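The values are calculated or read from the model by the stated rules, or taken from the named source; none is laboratory data. Note that the structure is predicted; figures quoted are calculated from it, not measured. Positions of Cβ are generated from backbone atoms using ideal geometry, with glycine treated the same way; all protein chains shown enter the neighbour counts.
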Amino acid sequence: MIKVGSSYKKGAIFSSIFGFISKIIAFSQGIFITYYFGATTATDIYYYLFSFFVLLFSVVNAVTISTIIPQFTLLYEQKGKDSAISYVNFFIYFFIGVALILEILFYIFPYHILSFISQFKTEVIQKNIYIIFFLLPILLFSFFNTIVLEILVSFKYFIIPHIVNMINNIIIIGFIVIFNKKMNELSLSVGILTGYLINTLCLLLIIKRRIKWNFSIVSIPLAKKTLRNAIQSFFGAIITLFSTFFPLYLISNLNNGIVTLINFTSKIIEAPIGMISLQLLAVLGIKMNELRSRFKENEIGIVFDNIMTKLLIIMFFITLCIFSFRKPILTILYGHGKLDETSINSLSKYVSILAFYIPFSTFITGIGKVFYSFQKIKPYLILQVIMSATLILLSYLLIPKFEGEGYVIAQVVAAIINCIVCIVYIKKYNLIQIKKTYFSLISIIISTCIIGFIVFLL
């Protein structure tokens with residue numbers, strides 16, 4: 001049995017506490033950026049490229065949590081530690097190789113690639129080329145760190161990912177405060193690169209000392225057994241990447257600073273999601289994987305239904321608080337730096353709409369973990385295609401007409417539609433029974449529609 005760093009109950013508690021602290025620090029990073037730099041083409045480039053990299057990280061993360069970690073848990077339980085480690089090492093080296101190839105291509109053809117993945121003008125890319133060059137190495141570090149962090153979580157070291165995030169953001173804030181006058185926006189890229197380098201070295205030390213990880217053993221035959229699931233997860237993540245990236249691509253050609261404002265909006269909305277729902281769902285995912293490895297599939301539905309019902313109620317309450325008090329909150333957070341009143345008003349509109357994305361995102365993420373636990377990768381791939389197509393279509397229709405507001409409206413409407421699709425899918429495959437969750441979710445959908453209709457009339 002896998003050695004644990006803490007119990008599930010303690011893991012959930014400490015994960016939530018450290019997650020809260022980590023997100024507060026991460027959120028404060030955005031405040032420092034607006035205070036010293038405002039919303040400029042340089043911050044647009046930084047946020048756009050970093051968001052693109054985060055989407056690439058999410059592909060690695062999707063394959064890791066959907067295929068690598070569940071199989072790692074099974075191998076550890078059934079064949080022993082060395083077999084499990086040799087299995088994971090294959091994927092670690094594979095993704096390191098992919099990261100190196102991508103970085104080399106970016107360095108050789110920076111203008112061609114940036115012009116292809118965005119609508120920024122060539123002169124804007126040339127002006128901020130050093131910001132781009134200093135961001136590129138984090139691809140290698142993050143691909144490695146993503147897998148290692150999930151390994152540590154599977155050993156019940158739930159707080160390690162939050163400590164890593166804290167280190168990253170503290171270093172970035174330090175670079176902004178100390179070097180903002182000498183380096184301007186370049187301090188963002190240098191700061192995040194320094195943070196990722198330090199985190200990689202720390203994670204290597206932790207996994208070697210605490211888990212006694214052996215990086216020299218690699219098993220291609222074991223990896224081949226789950227290669228089909230890994231490939232399906234990869235393509236599912238690529239589809240999700242495209243659906244997330246496409247709206248950003250559309251807004252990159254709009255007014256200067258809009259990418260930055262959309263990023264700030266997303267950070268505000270992601271804060272409660274990251275502080276609460278993702279922490280609890282991470283622990284829930286590990287619990288469901290363990291139940292499945294012990295052939296207790298019937299208990300998965302009970303555990304999921306109890307946790308998700310409560311989580312949806314909490315997240316919808318947070319949504320209503322953000323919606324009601326957004327203006328004073330944004331004035332306090334962003335009203336004292338270089339962000340002007342027009343930008344703050346736009347930010348307020350975006351936040352008021354995107355706040356309703358919070359509970360629906362929580363449910364969709366939870367459903368994904370159910371499919372991963374049952375290793376229903378192909379059905380989930382089809383589900384991802386449907387959800388991604390919904391977002392792409394809505395973004396294509398709404399962003400050209402409503403710009404930033406079109407972006408956030410598309411996100412919320414797509415999330416509601418996709419929640420309904422998830423309900424249909426769960427019932428179709430009869431994986432779990434979650435009647436209480438269905439009732440809570442449908443109540444939230446109806447409430448959201450009523451609030452939206454009232455706001456529209458006003």
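If we scan segment 346-358, do we find a residue that is modelled with pLDDT of 85 or more, closer than 30 Å to Phe439 by Cα and small (Gly, Ala, Ser)?
Looking for residues that are modelled with pLDDT of 85 or more, closer than 30 Å to Phe439 by Cα and small (Gly, Ala, Ser), one finds at least one in segment 346-358, hence yes.
Hey, among Leu152, Leu139, which residue is farther than 20 Å from Ser22 by Cα and of a type in the set (A, V, I, L, M)?
Details: Leu152 fails: farther than 20 Å from Ser22 by Cα.
None of the others qualify; the one that does is Leu139.
What number goes with the only condition from (1) part of a helix (DSSP H, G or I); (2) touching a residue at least 40 places away in the same chain (Cβ under 8 Å) that Gly38 does not pass?
(1)
For segment 153-163, how many residues are part of a helix (DSSP H, G or I) and more than 20 Å from Phe94 (Cβ to Cβ)? Break it down into steps so the answer makes sense when it comes.
If we filter segment 153-163 for residues that are part of a helix (DSSP H, G or I), which is where we start, we get 153-154, 160-163.
When the remaining residues are screened for being more than 20 Å from Phe94 (Cβ to Cβ), the result is 153, 160-163.
Final tally of qualifying residues: 5.
Which one of Ser352, Ser348, Ser395, Ser361 is in a helix (DSSP H, G or I), among the hydroxyl-bearing types (Ser, Thr, Tyr) and within 30 Å of Leu291 (Cα to Cα)?
Ser361
Out of Glu150, Glu103, report the one residue that is of a type in the set (Asp, Glu), at pLDDT 90 or above and in a helix (DSSP H, G or I).
Selected residue: Glu103, the only one of Glu150, Glu103 that is of a type in the set (Asp, Glu), at pLDDT 90 or above and in a helix (DSSP H, G or I).
So which residues in segment 377-393 are buried (at least 22 other Cβ atoms within 10 Å of the Cβ) and either in contact with a His (Cβ under 6 Å, 6 or more places away or on another chain) or at pLDDT 90 or above (or both)?
Hit for segment 377-393 is Leu391, nothing else.
I'd like the full set of residues that are over 20 Å from the mean Cα position of the chain (by Cα) and in contact (Cβ under 8 Å) with a residue 24 or more places away in the chain, limited to segment 165-187.
Ile171, Ile173, Ile176, Val177, Asn180, Asn184, Glu185, Leu186 - these are the residues of segment 165-187 that are over 20 Å from the mean Cα position of the chain (by Cα) and in contact (Cβ under 8 Å) with a residue 24 or more places away in the chain.
When segment 433-458 is examined, which residues are found to be touching a Phe, Trp or Tyr at 6+ places or on another chain (Cβ under 9 Å) and closer than 22 Å to Ile423 by Cα?
Ile434, Thr437, Ser440, Leu441, Ser443, Ile444, Ile445, Ser447, Thr448
Quick check: anything in segment 57-71 over 21 Å from Gly236 (Cα atoms) and assigned to a helix (DSSP H, G or I)?
For segment 57-71, residues over 21 Å from Gly236 (Cα atoms) and assigned to a helix (DSSP H, G or I): absent.
All but one of (1) within 18 Å of Ile300 (Cβ to Cβ); (2) part of a helix (DSSP H, G or I); (3) in contact with a helix residue (DSSP H, G or I) (Cβ under 6 Å, 6 or more places away or on another chain) hold for Ile423, so report the exception by its number.
Just one mismatch for Ile423, condition (3).
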